[in-house]
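Written below as structure tokens is the structure these notes are about.
The values are calculated or read from the model by the stated rules, or taken from the named source; none is laboratory data. In this text the structure is predicted, and so the values were computed from the model without any measurement. All Cβ positions, even for glycine, are placed from backbone atoms using ideal geometry, and neighbour counts span all protein chains on display. Remember, those area values only see protein heavy atoms, side chains included, never the ligands or the DNA or RNA. Shrake-Rupley method; radii C 1.70, N 1.55, O 1.52, S 1.80 Å.
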Amino acid sequence: MSSGPLCPVCSEPWVSPRLLPCLHSLCSPCLRRLGTLEEPGRAAARSVLCPVCDAEVALPPGGVGQLTPDYLALSRGGAAAARCDLCVDGAAVRRCLTCGADLCHFCCQAHRRQKKTASHTVMELENSKDYSQAGKPLFCPSHPTEELRLFCEQCDQPVCQRCVVGRHRQHPCDFTGNVIHRHGDALRELLKSTQQHMGTLESALSQIDAMGSAVRSRAEAVATEICLFASGYVRAIEEHRDRLLKQLEDLKVQKVNLLHLQKAQLQQLLLDMRTGVGFTEHLLASGSDLEILITKGVVASRLAKLNSVAYNTHPSMDDGIQFSPQEKAGQCCGYEVFGAILNKAVDPARCTLHGEDLHSAHQNHLTGFTLLCNDTMGERMGRGGEAVRVTITHKDKRDCTVKPTVCDNGDGTYHISYSPEEPGVYAVCVCVKGQHVQGSPFTVMVKNKFREHQGVFHCCTFCSSGGQKSARCACGGTMPGGYQGCGHGHKGHPGCPHWSCCGQVKESSECLCGPPSDTSQRSLLRTVAL
């Protein structure tokens with residue numbers, strides 16, 4: 001068995017190798033075993049998967065037999081173990097280009113000594129690229145005895161003499177030596193273009209590999225940054241945790257100490273009262289009348305003093321210690337941290353109400369007031385989130401209520417706004433955590449709909465009317481010379497800008513006059529228009 005290149009499927013020497021369109025060669029039997037033969041009840045396969053590159057390649061209509069024979073595979077397989085064609089036993093080292101015989105060293109010398117073959121050209125086998133260049137004839141697959149010497153341009157394949165006079169009769173044909181340069185040059189151009197693409201692809205692959213290395217290096221650097229950041233963040237959180245625990249411990253000690261102090265004071269007061277009560281009971285039970293009268297002043301003074309001592313029946317401190325994880329706590333070790341201890345508890349009795357319109361409002365006019373929440377020490381809470389409930393009810397019409405809007409400002413203040421639809425007296429209740437705040441409940445007087453001014457807010461009638469004598473002003477001011485309205489510095493002038501309809505000096509005030517009469521309306525309209 002000859003050695004050399006083998007079929008990639010069966011790993012045996014080539015048997016009628018065929019070249020697939022993907023330029024991989026397989027033995028014809030191997031191709032048929034891949035499913036290209038017709039089976040009973042099954043149509044012949046039209047394509048096959050190349051076992052080398054997994055490419056799906058189409059088969060010609062005639063099947064495997066119509067695939068291009070791979071003579072190069074046969075030449076590569078034979079060149080590795082060529083034997084002398086004359087003596088058969090020796091290994092071929094040269095080839096006669098004239099007669100196409102492979103010769104061993106001994107037969108080559110004999111070939112040159114014989115008169116008939118002395119003029120033949122002999123070539124070293126290792127210098128030949130393949131059998132075709134060395135001149136070994138290739139025979140026609142359709143006519144095995146005929147050598148392939150011609151090329152059919154129309155069918156683009158080598159043919160023999162019998163093929164030309166047969167089915168290639170009308171086709172343009174020429175000798176292979178005449179067309180090889182043209183087809184070879186075209187193939188070389190394609191090869192050159194493909195080689196350029198290969199260079200581009202190799203460069204792209206090199207760039208991809210370099211970018212892959214850069215990505216891996218960058219990822220390692222970023223991973224180091226992440227680890228440093230995370231370790232620093234962990235240290236910051238741990239330090240913040242220790243700081244919070246220290247604050248909690250200090251707060252606990254402070255509250256416990258104050259409770260101990262209150263407890264000691266109450267215990268001492270209780271002990272003094274027990275002493276006074278015991279002495280007084282013993283005096284009343286066992287003392288004589290004279291003894292009671294003699295001691296009464298001291299005992300009464302002591303008991304009166306004890307009774308006058310003020311003391312708190314509730315613990316001076318509560319357990320109002322909370323932890324808010326969402327609370328911003330500034331920076332720690334250069335990192336922003338969250339979480340704070342909240343020890344303030346809102347005290348409804350210390351919460352206050354503020355606002356100019358706290359006790360007055362107008363019908364269908366939006367008004368409101370502000371609630372300020374304080375803690376048990378009277379200090380502002382500084383944060384929101386309290387349960388604030390507000391009710392506004394008409395005193396004479398129990399079914400008439402106003403729905404208020406409570407806006408949490410997030411800083412311990414709450415804005416309550418409402419718009420009453422009915423005039424009258426309303427009772428307003430403001431509760432925090434179910435308890436009334438300071439000043440609650442209180443009453444609000446809702447007046448009729450706010451009366452808008454019908455005149456103009458001016459400095460004087462003389463200026464706003466353009467100097468007309470008949471223009472009047474509700475302020476009552478007059479000018480000499482027959483002018484019926486007011487003027488700067490003259491009698492009745494308010495001394496400041498005012499409304500021409502009612503004389504009010506406050507621009508945002510409510511109009512005090514009722515619906516104007518026809519005459520006054522005309523004079524006012526003149527003033528307004530001017």
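Of note:
- CYS53 accessible area, assembled protein chains, probe 1.4 Å, Å²: 60
- Here's the list of lysines a cross-link from LYS296 could span, going by alpha-carbon distance under 18 Å and ignoring same-chain residues fewer than 8 apart: LYS305.
- Calculated log₁₀ intensity ratio I(q)/I(0) where the Debye formula runs over C-alpha points of the range 348-447, q = 0.13 Å⁻¹: -0.42
- For the range 270-283, 3J(HN,Hα) per residue [Karplus equation, 6.51 cos²θ - 1.76 cosθ + 1.60, θ = phi - 60°, Hz, x = Gly/Pro]: 5, 4, 5, 5, 4, 4, x, 5, x, 5, 5, 4, 5, 4
- Take the range 333-441 with all the other protein chains still there, run a 1.4 Å probe, and you get 52 Å² of accessible area per residue.
- LYS344, LYS469, reordered so the largest accessible area comes first (probe 1.4 Å): LYS469, LYS344
- Computed magnitude of the charge dipole of the chain (debye, nearest 20; Cβ of K, R +1, Cβ of D, E -1): 1060
- Candidates per GluC sites (Glu not before Pro) in the range 309-365, loop by DSSP, up to 10 other Cβ within 10 Å: GLU356
- Label point distance in nm, ASN364-TYR71, each placed 7 Å from Cα along Cα→Cβ: 10.9
- Share of alpha-carbon pairs per 5 Å distance bin for the range 322-364, given as whole %: 5, 15, 12, 11, 10, 11, 9, 10, 9, 4, 2, 0
- Two-site FRET efficiency, ASP289 against ALA345, from Cβ-Cβ distance with R₀ of 51 Å, rounded to 0.05: 0.35
- Per-pair calculated FRET efficiency, R0 = 51 Å: ALA427 and HIS282 via Cβ, rounded to 0.05: 0.35
- Taking every alpha-carbon pair within the range 178-308, the share separated by more than 26 Å comes to 72 percent.
- Built amide H within the under 5 Å cut-off of HIS362, gap 5+: LYS447
- Here LEU248 and GLU386 are evaluated by their C-beta separation; at R0 = 25 Å the FRET efficiency comes out at 0.65.
- Distance between the range 412-458 and the range 463-507 - C-alpha centres, whole angstrom: 35
- Segment PHE175-CYS496, extension gain: residue separation times 0.36 nm, minus the distance between their alpha carbons: 103.3 nm
- Of all accessible heavy-atom area on the range 348-447, the percent that carbon and sulfur account for (1.4 Å): 48
- Whole-number D in µm²/s for the chain (Stokes-Einstein; Kirkwood sum over Cα pairs; 10 °C, 1.306 mPa s): 41
- Each peptide in 367-380, 299-312 was scored by the mean count of other Cβ atoms within 10 Å over its residues; highest first, the order is 367-380, 299-312.
- Amide proton proximity set for LEU138, modelled H, under 5 Å, gap of 5+: LEU148
- Straightening the chain between GLN268 and ALA204 buys 13.8 nm, computed as 0.36 nm per residue apart minus the Cα-Cα spacing.
- Label-point gap, in nm, between GLU356 and THR401 - each point 7 angstrom along Cα→Cβ: 3.1
- Charge tally around CYS511: other residues with Cβ under 10 Å, Lys/Arg +1 each, Asp/Glu -1 each, net -1.
- Taking Cβ atoms as reference points and 11 Å as the exclusive limit, the residues near GLY320 contribute a net charge of -2, counting Lys and Arg as +1 and Asp and Glu as -1.
- In the chain, the DSSP-assigned H stretches of four residues or longer account for a calculated mean residue ellipticity at 222 nm of -11500 deg cm²/dmol, using -39500 (n - 2.57) per stretch and the full residue count as denominator.
- The range 136-194 and the range 262-312: distance between their alpha carbon centers, rounded to Å: 140
- Accessible area, probe 1.4 Å, largest first, for residues VAL444, VAL256: VAL256, VAL444
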